[in-house]
Amino acid sequence: MEEAQFLEKNQPIVFTQLQKSFEHGRLAHAYLFEGESGTGKHEASIWLAKHLFCSNLQNNQPCNQCNNCQRIERSEHLDVQSIEPEGQTIKVDQIRKLQSEFSRSGFETKQKVFIIKDADKMNSSAANSLLKFLEEPVGQFLAILETDSVGRILPTIQSRCQILHFQPLSKELLQTKLMENGLGQQTAKLLSSLTNSFAKAVEISQNEWFNEARDSVQQWFNYLKEADPQAFIYVQKKLVKVFKEKSLQFESFSMLLFYYQSQLAEKTATGTVNEIAETNRVIELILQAEQKLRANVSFQSTAEQLAVRIIYK
Ligand SMILES: [Zn+2]
């Protein structure tokens, strides 16, 4: 996988900063990569490791071909160790094992890299053990901690690291990644309109409620689109049951908005001026409905009123 291309496109700030540090020989001893899952934190870790060990840099980028690059790619390089939670947490034994492996002789080079995925999952003894290691490093090493929640990392560890923030994914990339993860295009599109976190989107997609909600809003959209009076009855018959919780009620309008925005894109390409104007009118009504819900008008009456306004112009 071409980490450099991914980072240059999606994390240009981080990419430039690390590349410059590398070129000037000013890499920090410890980095804390902070950002949501899917934003390229681990790609950046691998890229840095390859940078350090590649025996054939091309334009100051890892070649991805040499023995070192290949072994890092396959997680087989002895001087590049990666740990992640076993179960719910990273335990002190995992950190100790890492330390003892690094202090043993007979390794390939002097330089070593260790990567801690989900570093916020270290329990307190693991965190303290790591802290000691960062304070009194054995040999020459680069530590990279990856986390989606920097607030859960001990401040004393944070202060030993250079913190780099990874930007949220663009909607397009999130959608692509979700499709690579096996989701249909329409669902991937819908999810990327609801959140910009990959982990969150995957979590939502695995939720049974989400699938029922999506199907019922799609049915509602079909009634509304056809100006079918069932759209009104459907609110009480179905939607109020699916969208019981207040926090979820907003999702119903977000999803409906999604269907109309897709329709707008389609009409803008092939529809008439009237069709475009009508779609815009409905989008405006949905946004108003969201505001009403925010002002604590009940979900049922907001949704019923919305249906009436969409159907009877
Ligand atoms: Zn290489």
In the range 279-302, anything over 20 Å from LYS225 (Cα atoms) and of a type outside the set (Gly, Ala, Ser) is listed as GLN291, LYS292, LEU293, ARG294, ASN296, VAL297, PHE299
Of all helices (runs of 4 or more DSSP H) fully inside the range 1-75, the set with 3 or more residues that are small (Gly, Ala, Ser) and at negative phi is 41-53
Going through the range 170-223 in order, the residues found to be touching a residue at least 40 places away in the same chain (Cβ under 8 Å), more than 20 Å from TYR260 (Cα to Cα) and part of a loop (DSSP other than H, G, I, E, B) are SER170, SER197
Flagged in the range 75-92 as farther than 13 Å from LEU142 by Cα, away from the ligand (no atom under 14 Å from the Cβ) and in contact (Cβ under 8 Å) with a residue 24 or more places away in the chain, in numbering order, are LEU78, ILE83, GLU84, PRO85, GLN88, THR89, ILE90, LYS91, VAL92
Pairing a residue in the range 52-64 that is in contact (Cβ under 8 Å) with a residue 40 or more places away in the chain with any residue that is within 7 Å of the ligand (Cβ to nearest atom) and not in a loop (DSSP other than H, G, I, E, B), where Cβ atoms lie under 8 Å and the two sit 6 or more apart in sequence or on different chains, gives PHE53/ASN68; PHE53/CYS69; PRO62/LYS50; PRO62/CYS69; ASN64/LYS50
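Have a look at LEU32, LEU7 and point out the one that is touching a residue at least 60 places away in the same chain (Cβ under 8 Å) and surrounded by 17 or more Cβ atoms within 10 Å (Cβ to Cβ).
Values: LEU7 fails: touching a residue at least 60 places away in the same chain (Cβ under 8 Å).
Just one listed residue meets the conditions, LEU32.
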Picking from ILE72, ILE95, the residue that is modelled with pLDDT of 90 or more, surrounded by 15 or more Cβ atoms within 10 Å (Cβ to Cβ) and within 16 Å of the ligand (Cβ to nearest atom) would be ILE72
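What are the residues in the range 36-69 that are among the charged types (D, E, K, R) and either more than 7 Å from the ligand (Cβ to nearest atom) or surrounded by fewer than 18 Cβ atoms within 10 Å (Cβ to Cβ) (or both), if any? If you could, list the steps in order and put the result at the bottom.
Of all residues in the range 36-69, those among the charged types (D, E, K, R) come to 36, 41, 43, 50.
Scanning the range 36-69 gives GLU36, LYS41, GLU43.
The values are calculated or read from the model by the stated rules, or taken from the named source; none is laboratory data. What you see is a predicted model; the values in this text were computed from it and never measured. Don't worry about glycine lacking a Cβ; one is built from the backbone with ideal geometry, like all the others, and counts go over all protein chains shown.
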